[in-house]
1. Every residue in segment 65-83 that is of a type outside the set (Asp, Glu), part of a helix (DSSP H, G or I) and surrounded by fewer than 18 Cβ atoms within 10 Å (Cβ to Cβ), please.
2. Report whether or not ALA44 is at pLDDT 90 or above, in a helix (DSSP H, G or I) and in contact with a helix residue (DSSP H, G or I) (Cβ under 7 Å, 6 or more places away or on another chain).
3. Kindly evaluate ALA61 against the criterion of being crowded, with 18+ Cβ neighbours inside 10 Å, free of Cβ contacts under 8 Å to residues at least 60 places away in the same chain, among the hydrophobic types (A, V, I, L, M, F, W, C) and closer than 25 Å to LEU125 by Cα.
4. Under the condition of being touching a helix residue (DSSP H, G or I) at 6+ places or on another chain (Cβ under 6 Å) and closer than 19 Å to GLN52 by Cα, which residue from segment 97-112 is surrounded by the most Cβ atoms within 10 Å (Cβ to Cβ)?
5. Is segment 45-52 home to any residue that is on the phi < 0 side of the Ramachandran plot and buried (at least 20 other Cβ atoms within 10 Å of the Cβ)?
Amino acid sequence: MLQRHQRKAAATGAGPGAGSAGNAAIEFALTAPALFMFLFGIIAFGRALWLQNALDYAVAAAARCASINPTTCGTADQIRAYAAAQGGAGFSGSVFSVSSPGCGTAVSASYPLSLSIPFVPAVSLTLTAQACDPS
C-alpha cells in the first residue's frame, strides 16, 4: 500500500525519475564538444603521421632510383617527379629537393602542414624527410 505522500508524488509526476526526459540531451550537449575535439584531433594527427610516412618513403625511393636507374631518375627534375609519384599523398614535385653530397644522391622534402581541429587554434608544422643513397 502506498503511503499518502507517495501517492500524491506519483499522481503529480514529482517522484523519482520525473522530469528527467531532457537530461540525456543536456549531458550530450555538454560532453559533445570535448568528444568531437578529441576525435578530430586523433584524425588530424593520424593524417600528419601518414603524410610523414609518405614523405619518408618517397625520398627513400627517389634516392634509390637515382642511384640504380639513371634512365628514369637521371636529372633532378626526373628525381623530383619520381618522388612525387611514389609518395602516394599527392605531393607536388616542388616539395622535394635533390643534391649530391659525399654520400651519393640525397633527396630531401619539406612539406608545410596546418592541422585544423575544431575548437582549437590552428597548428602549423613542417614535415621533413631526407634520404641519401650511394651511387
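1. SER67, ILE68, ALA76, ALA81
2. Numbers: at pLDDT 90 or above: yes; in a helix (DSSP H, G or I): yes; in contact with a helix residue (DSSP H, G or I) (Cβ under 7 Å, 6 or more places away or on another chain): no.
No: the conditions fail for ALA44.
3. Yes; evaluated as a whole, the condition is true for this residue.
4. That would be VAL107.
5. There is no residue in segment 45-52 that is on the phi < 0 side of the Ramachandran plot and buried (at least 20 other Cβ atoms within 10 Å of the Cβ).
The values are calculated or read from the model by the stated rules, or taken from the named source; none is laboratory data. This structure is a prediction, so every number in the text was calculated from the model and none was measured. Every residue, glycine among them, receives a Cβ derived from its backbone with ideal geometry; neighbour counts consider all protein chains shown.
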